[in-house]
Amino acid sequence: MPVMRIPGHEHQRPGEVSLQEIRDVLGDCRLCPLAQTRTNIVFGVGDPHARVMFIGEGPGRNEDLQGEPFVGAAGHNLDSLLSFAGLTRDQVYIANVIKCRPPSNRNPRPEEIEACSPFLREQIRSVWPDVLVCLGNFATQFVLRTDKGVTHLRGHVYQTGHFAVVPTFHPAACLYHEQWQLLLEQDIAMVGAWLREHPAAQAGTDAGSKE
């Protein structure tokens with residue numbers, strides 16, 4: 001995973017750079033045309049040391065207005081889903097592949113993902129979670145570097161380097177495809193099972209686990 005150079009860090013290790021430092025580098029980003037139509041940059045929210053990080057596609061209308069990911073109907077769905085993993089919203093970190101809302105909620109374009117992806121990579125390196133939950137095709141294809149869709153990949157835990165990766169449907173999609181909701185619930189429950197099978201490292205060994 002390529003490393004973005006953060007001021008004050010020569011050879012930053014996973015977990016070394018704070019989320020605030022990454023947000024400071026992002027600033028009032030103008031790297032792609034989405035800057036012209038957004039209301040707010042939607043960086044991310046949650047526990048900066050979470051064991052589980054959820055990655056969505058991009059902000060919707062409510063997220064764009066409030067500057068926080070997953071605050072609309074999809075966010076309410078996600079909040080209820082967390083209980084299937086034995087988690088609450090303040091125990092996870094939530095981010096998106098892109099930080100600005102595409103007009104009319106269209107799909108993000110390749111050049112927009114390319115411009116924004118270094119910031120997501122650094123968010124992942126900063127939080128350094130044990131589990132990445134990829135919500136929808138764009139997050140799944142970015143993390144697993146695949147052209148396959150969630151429909152084919154969901155239902156399994158994939159190991160890629162340090163991370164256990166769980167691809168699943170986006171909560172927003174399940175609002176329109178109700179038959180996917182049960183599958184999404186099963187996938188989130190699988191995250192909880194994985195966490196129980198892989199207890200967190202003891203405090204004294206946390207630093208070593210992040211290298």
Flagged in the range 89-145 as without any contact (Cβ under 8 Å) to a residue 12 or more places away in the chain and assigned to a helix (DSSP H, G or I), in numbering order, are 104, 110, 114, 141
In the set 166, 150, 127, 131, the lone residue that is open to solvent by less than 30 Å² (accessible area, probe 1.4 Å) and either in contact with a Gly (Cβ under 7 Å, 6 or more places away or on another chain) or at pLDDT below 95 (or both) is 150
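Residue-wise test of (1) modelled with pLDDT under 95; (2) under 15 Å from residue 120 (Cα atoms); (3) of a type in the set (Asp, Glu); (4) surrounded by fewer than 15 Cβ atoms within 10 Å (Cβ to Cβ).
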residue	(1), (2), (3), (4)
22	no, yes, no, no
27	no, yes, no, yes
39	no, no, no, yes
43	no, yes, no, no
46	no, yes, no, no
51	no, no, no, no
54	no, yes, no, no
64	no, no, yes, no
Listed by first then second residue, the pairs whose first member lies in the range 1-25 and is in a loop (DSSP other than H, G, I, E, B), whose partner is open to solvent by 80 Å² or more (accessible area, probe 1.4 Å) and modelled with pLDDT of 95 or more, with beta carbons under 9 Å and at least 6 positions apart or on separate chains, are 6/24; 7/24; 15/49
Does at least one position in the range 105-120 carry a residue that is more than 21 Å from residue 32 (Cβ to Cβ) and buried (at least 18 other Cβ atoms within 10 Å of the Cβ)? no
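For the range 169-180: of the residues being free of Cβ contacts under 8 Å to residues at least 60 places away in the same chain and touching a helix residue (DSSP H, G or I) at 6+ places or on another chain (Cβ under 9 Å), which is least open to solvent (accessible area, probe 1.4 Å)? Even if it seems obvious, please write down each step before you answer.
Of all residues in the range 169-180, those free of Cβ contacts under 8 Å to residues at least 60 places away in the same chain come to 169, 173, 176-180.
Adding the requirement that they be touching a helix residue (DSSP H, G or I) at 6+ places or on another chain (Cβ under 9 Å) leaves 169, 173, 180.
Working: 169: 13, 173: 30, 180: 69 Å².
Taking the candidates together, the pick is 169.
The values are calculated or read from the model by the stated rules, or taken from the named source; none is laboratory data. Keep in mind that this is a model prediction, so the values were computed, not measured. All Cβ positions, even for glycine, are placed from backbone atoms using ideal geometry, and neighbour counts span all protein chains on display. For accessibility, only protein heavy atoms count, side chains too; no ligands or nucleic acids. Shrake-Rupley method; radii C 1.70, N 1.55, O 1.52, S 1.80 Å.
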